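What follows is a short report on a single structure.
The values are calculated or read from the model by the stated rules, or taken from the named source; none is laboratory data. For clarity, every value in this text was computed on a predicted model and none was experimentally measured. Cβ: placed from backbone, ideal geometry, glycine included. Neighbour counts: every protein chain shown.
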Amino acid sequence: MNASPGRAIPLYWTLTLLLTTTAVIAVGTGALHISPGEVLQYLLDALGIKSSLPSDPIAEGVLLQIRLPRVLLSAAVGAALSVSGTLMQALFRNPIVEPGLVGTSSGAAFGAAMVFVWGKNMGILTSGLIGDLLLPLCAFLTGLAATLIVYRLSTAGGKTTVATMLLSGIAVNAVAAAGTGFLAYIARDPQARSITFWSLGTLSGADWRGCVIVWTVTVAGILTTLRFSKALNALLLGESEAAHLGIDTERLKTRILFLNTLIVAVATSFVGVIAFVGLVVPHLLRLLGGSENRYLIIASSLAGALVMVLTDTLARLIIAPAELPIGIITAIVGAPVFLWLLLTRVQGKNAGGFYA
Amino acid sequence: MLEVDGASRTLGGMQIIDDVSVRFKPGHLSVIIGPNGSGKTTLLRMMSGELKPTRGLILYDGKAIAGTGMEALARKRAVLSQSSDLSFPLTVDEVVMMGRYPHFVLKPSRHDEEVCGAAIAAMGIDQIRGRNYLTLSGGEKHMVHFARVLAQIWIPPEDHHRYLLLDEPTAFLDINHQHLFLKMAKGMAERDTVVVAVLHDILLAAQYADFIVALRNGRKIAEGDVDSMITPGLFRDLYGMNGKIFRGDGMTYPIIVF
């Protein structure tokens with residue numbers, strides 16, 4: 001419990017340092033080892049600062065075309081999912097909400113799968129800039145629909161019923177998964193294989209194009225949500241109390257729902273469904289430094305990026321030379337945390353709740 | 001001056017408030033009494049701007065509330081709810097700082113921090129400032145919210161009055177805290193604030209109120225000072241109960257026993 005703004009700054013720096021170090025090690029790790037020194041040299045090379053040291057064109061290609069976009073994409077996705085968890089928890093006023101549970105991710109995945117399977121038949125729509133944006137756009141629309149359904153079903157009079165939320169989340173997830181499954185069934189073989197692999201989340205398709213789109217949306221989204229951190233704090237008191245503090249709660253909720261779905265859907269449309277990151281990261285940060293939303297949003301971006309870079313590197317290493325879908329790892333780690341939260345929720349009902 | 005002018009409100013097809021007009025003056029601790037379901041809380045919610053009247057007007061300083069921005073209103077009007085279901089770990093300081101939210105955009109100023117400190121000191125809860133809100137007792141939590149509400153309107157605005165609305169501030173509190181809360185409310189009233197409280201406890205109303213409004217079935221049936229309001233007749237009308245009024249030697253307020 002030390003969330004005063006000044007005291008969180010050392011944590012931000014620690015996380016930034018850890019993130020940078022992990023990223024440098026991650027881009028050097030794999031079948032072809034690249035030392036941190038070489039990583040730095042090739043990066044400077046790419047930026048136009050040539051050094052006189054001998055360079056290995058294969059290592060340089062692997063670094064710049066394969067590993068770097070992948071690590072950067074995983075950092076952006078991790079930040080997007082963790083911040084989304086923070087936003088949804090503030091919106092539902094409940095710490096056991098995250099995009100994977102309330103249907104945002106699977107809804108977005110369904111929309112993206114539609115583009116995978118049917119997109120090629122739409123000719124003009126899939127070429128050029130429109131083609132690049134069609135995937136995230138479809139994912140956004142279906143993700144928004146899924147989130148809205150769960151939110152409307154589980155929230156009455158400003159209060160969210162956890163049981164209803166989890167149950168309607170299950171139902172919406174099931175419908176979206178069925179839709180995605182149906183698409184995989186009617187798809188031609190290579191498309192179907194990629195949908196199956198991708199519904200467990202994978203960063204193996206990372207390239208610079210996806211990286212730029214996800215980074216742009218995530219950074220812009222997070223910076224915008226920072227402006228709402230004060231209002232989100234007030235919302236923790238309850239909707240009436242927030243209104244008494246001068247906040248237009250309906251407008252706030254619409255905006256947060258929209259922003260949140262945007263960052264999750266864009267990330268999901270490139271890497272698939274990665275659950276539990278949005279649950280675990282904000283939870284750990286709350287234990288470290290409280291629930292002030294400005295702190296949570298900044299720290300979630302950094303810690304989420306760190307966690308995702310680490311997890312993706314693990315996914316590449318565990319069964320190398322093959323690789324594990326990243327969603328399997330996040331579920332193995334995240335599901336127990338979720339169960340534990342649920343358990344302390346049940347036990348804590350009489351003792352002041354979760355974080356008392 | 002806070003005026004309710006011919007206000008009515010229906011909720012779910014039911015007429016909850018029916019053509020109520022009343023004026024609350026600064027300097028007075030005004031108390032709304034009435035049986036359960038008489039519309040006290042609904043009236044207070046309309047006065048706070050949370051509910052719009054289906055007919056009639058709410059006026060602050062002679063200006064209709066409908067034309068005032070929510071944030072501008074929040075800078076001069078604070079509301080203490082019966083209970084808050086905050087279930088996230090925030091420190092006492094952070095909760096009190098929320099009262100300053102209408103006054104700053106991104107980061108609290110030094111002045112905001114000082115106001116919070118003063119409000120916390122006024123409530124006498126300095127020793128729990130750094131504590132996790134969730135670990136506090138019910139009484140302490142309510143004190144924190146009172147401090148938050150005080151911080152919200154700590155500095156009187158230059159060109160208008162301050163308004164403090166309290167919805168059953170003494171429910172769930174022990175006797176010591178009940179009197180502490182009403183003394184604080186009275187203190188605010190004495191500093192030129194319009195203070196309106198919904199109270200169930202007639203004894204407390206008799207002891208602290210300067211002005212009492214009685215509601216029954218959504219209608220105002222009487223208003224006036226303590227001596228004209230605390231009468232056996234009114235309580236028969238309001239609650240259907242026969243009460244006896246006592247007044248001790250040297251006591252400035254009556255006691256009613258049923």
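Within region B:58-87, being among the hydrophobic types (A, V, I, L, M, F, W, C), part of a strand (DSSP E or B) and modelled with pLDDT of 90 or more holds for B:Ile58, B:Leu59, B:Ala78, B:Val79, B:Leu80. Assess whether B:Pro53 counts as being crowded, with 18+ Cβ neighbours inside 10 Å and outside the structural domain of B:Phe146 (by TED's automatic domain parsing). In short, yes. The requirement of being more than 18 Å from B:Phe24 (Cβ to Cβ) and within 14 Å of another protein chain (Cβ to nearest Cβ) is satisfied by B:Ala151. Scan region B:168-191 for residues that are among the charged types (D, E, K, R) and either free of Cβ contacts under 8 Å to residues at least 24 places away in the same chain or out of contact with any strand residue (DSSP E or B) (no Cβ under 7 Å at 6 or more places or on another chain) (or both) and jot them down. Residues satisfying the conditions are B:Asp174, B:Lys183, B:Glu190, B:Arg191. Here is the figure for region B:153-175: residues that are under 18 Å from B:Ile120 (Cα atoms) and surrounded by fewer than 17 Cβ atoms within 10 Å (Cβ to Cβ) total 2.
When A:Ser240 is tested against (1) among the polar types (S, T, N, Q); (2) surrounded by fewer than 24 Cβ atoms within 10 Å (Cβ to Cβ); (3) more than 14 Å from chain B (Cβ to nearest Cβ), only condition (3) is not met. Residue count for region B:124-153, restricted to those that are among the hydrophobic types (A, V, I, L, M, F, W, C), within 25 Å of B:Glu71 (Cα to Cα) and either touching a Cys at 6+ places or on another chain (Cβ under 7 Å) or in contact (Cβ under 8 Å) with a residue 40 or more places away in the chain (or both): 7. Listed by position, the strands (runs of 3 or more DSSP E) contained in region B:202-256 that have at least 2 residues being not assigned by TED's automatic domain parsing to the domain that holds B:Gln15 form an empty set.
Of the residues A:Leu262, A:Leu235, A:Leu257, only one is under 24 Å from B:His145 (Cβ atoms), touching a residue at least 40 places away in the same chain (Cβ under 8 Å) and more than 9 Å from chain B (Cβ to nearest Cβ); which?
The conditions single out A:Leu235.
Against the numbered list (1) assigned to a loop (DSSP other than H, G, I, E, B); (2) of a type outside the set (A, V, I, L, M); (3) over 22 Å from A:Trp215 (Cβ atoms), A:Gly107 comes up short only at (1). Kindly evaluate B:Pro157 against the criterion of being within 14 Å of chain A (Cβ to nearest Cβ), over 16 Å from B:Phe181 (Cα atoms), outside any helix (DSSP H, G or I) and without any contact (Cβ under 8 Å) to a residue 40 or more places away in the chain. So B:Pro157 does not fit the description; no. Only residues that are of a type in the set (S, T, N, Q), without any contact (Cβ under 8 Å) to a residue 40 or more places away in the chain and more than 14 Å from every other protein chain (Cβ to nearest Cβ) were counted in region B:28-85, giving 1. Which residue out of A:Ala234, A:Ala146 is at negative phi, under 19 Å from the mean Cα position of the chain (by Cα) and not charged (D, E, K, R)? It is A:Ala146. Residues in region B:180-230 that are acidic (Asp, Glu) and more than 27 Å from B:Pro156 (Cα to Cα): 3 in all. Taken residue by residue, region A:333-355 has no member that is β-branched (Val, Ile, Thr), at pLDDT 90 or above and in a helix (DSSP H, G or I).
Checked against the criteria, B:Val149 counts as at pLDDT 90 or above and assigned by TED's automatic domain parsing to the domain that holds B:Glu113. Take region B:99-135 and flag every residue that is among the acidic types (Asp, Glu) and away from every other protein chain (no Cβ under 13 Å). B:Glu114, B:Asp126 - these are the residues of region B:99-135 that are among the acidic types (Asp, Glu) and away from every other protein chain (no Cβ under 13 Å).
Checked against (1) at pLDDT below 90; (2) of a type outside the set (Asp, Glu); (3) surrounded by fewer than 16 Cβ atoms within 10 Å (Cβ to Cβ); (4) not assigned by TED's automatic domain parsing to the domain that holds B:Arg148, B:Leu106 passes all but condition (4).
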